[in-house]
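Working notes, structure below.
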Amino acid sequence: MLIMKRRAGESFTIGDEIEVEVLEVAGSRVKLGIVAPESIAIVRKEARVTREENITAARPMDPEAIAALVHHLWRPAKTQP
Amino acid sequence: MPQIRTAYFGELDYTDGTVFQFPYGLPGFEREHAFVFLQQPHTQPLLFLQSLGSSHLCFILLPILVADANYRVNLDAEDLAALHLAPGRQPRIGEDILCAAIVSAGDGERGPTANLMAPVVVNLKEQIGMQVIQTDSPYSHRQPILAGEELAPCS
């Protein structure tokens, strides 16, 4: 992983067409401005991960796997040692 | 009474009053705007989020407090507005909202997991729902359901 330090107002480029500028640093949050061609999708990583999880989750689940899951969820909770 | 062909339970009757609107769909399924929640005695406590428009599309959900009894949902101002919830306070799970995690069957190596990072949240009064993608969430998008004895947030 490439690591670099940038201050607010400074920027960096990725390839010839993408520029990322640090607009503001406030507490633990950084505000970024991104210039990129329209063909490049820019999404927050959580959104991408969720999209991928949803597509996996939408596949039909085997009835036996559902039954096993239900069985597990009904298992009485173990008492604390 | 209208009927719906479901992915898991054949044809079922439903009433318009049980349809929930998802104005934004769900990530990856942005064109699916209407769902019904299905529950069957033999599949409790799981919930089934069945698309009204696509009979093959049905998400299996785990009520969030079953996954983690101490779960805290964190909706920002935009989420609250989108769900027509009162601003300025977090809604109560089970009273104001239904909150549930989407279950993924996993593959051969990985058992079933639940996405606790991005739960499905529904305003029970207004019947509006969305999947809330929480930023800075302490919860995993792949929380194993079968692995440990207890489910716990990964920190």
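We did not get these values from a lab; they are worked out from the coordinates using the rules stated. It should be emphasised that the depicted structure is a prediction, and the values quoted were computed from it without experimental measurement. Reconstructed Cβ throughout: ideal geometry from the backbone, glycine too, with neighbour counts over all protein chains shown.
Some points to look at:
- Relative contact order [Cα under 8 Å, 6+ residues apart], chain A, whole percent: 15
- Principal-axis tilt of helix A:45-57 within chain A, Cα atoms, nearest 10 degrees: 30
- Given chain A, longest segment not containing exposed loop GluC sites (Glu not before Pro) (DSSP; at most 15 other Cβ within 10 Å): A:39-81
- Per principal axis, descending, Cα span of the protein assembly as shown in whole Å: 59, 51, 39
- Relative contact order for chain B: 18 percent, from Cα pairs under 8 Å spaced at least 6 residues apart, divided by residue count.
- Think of each Lys and Arg Cβ as +1 and each Asp and Glu Cβ as -1; about the Cα centre, that makes the dipole of the range B:3-143 roughly 180 debye.
- Relative exposure of A:K5, A:K31, judged by other C-beta atoms within 10 Å (fewest first): A:K5, A:K31
- Using the alpha carbons alone, the radius of gyration of chain A stands to its Kirkwood radius in an Rg to Rh ratio of 1.27.
- Helix A:63-74 axis versus longest C-alpha principal axis of chain A: approximately 80°, rounded to the nearest ten.
- Rounded to whole Hz, the Karplus (6.51, -1.76, 1.60) HN-Hα couplings of the range B:113-130, x for glycine and proline: 10, 10, 8, 7, 5, 10, x, 7, 10, 10, 6, 5, 6, 8, 6, 10, x, 7
- Taking only the Cα atoms of the range B:1-85, the radius of gyration and Dmax are 14.2, 39 Å.
- Calculated [θ] (222 nm, deg cm²/dmol) that DSSP helices of n ≥ 4 give over chain A, each run adding -39,500 (n - 2.57): -9500 deg cm²/dmol
- When the GluC sites (Glu not before Pro) in the range B:36-133 are filtered for DSSP coil states and for at most 14 other beta-carbon atoms within 10 Å of their beta-carbon, the remaining sites are B:E95, B:E109, B:E126.
- Candidates A:L23, A:L32, A:L69: whichever shows maximal mean-square fluctuation once chain A is modelled as a Gaussian network with Cα springs under 10 Å: A:L69
- Computed over the range B:1-146, the percent of Cα pairs more than 22 Å apart is 38.
- Residue by residue along A:61-74, Cβ atoms of other protein chains within 10 Å of the local Cβ number 5 on average.
- Helices in chain B, meaning DSSP H runs of at least 4 residues, each add -39500 (n - 2.57). Divided by all residues, the mean residue ellipticity at 222 nm is -1000 deg cm²/dmol.
- Residue of B:Y139, B:Y14, B:Y71 that the Gaussian network model of chain B assigns the largest fluctuation, springs spanning Cα pairs under 10 Å: B:Y14
- For the segment A:44-50, counting C-beta atoms of other chains within 10 Å of every residue's C-beta and taking the mean gives 6.
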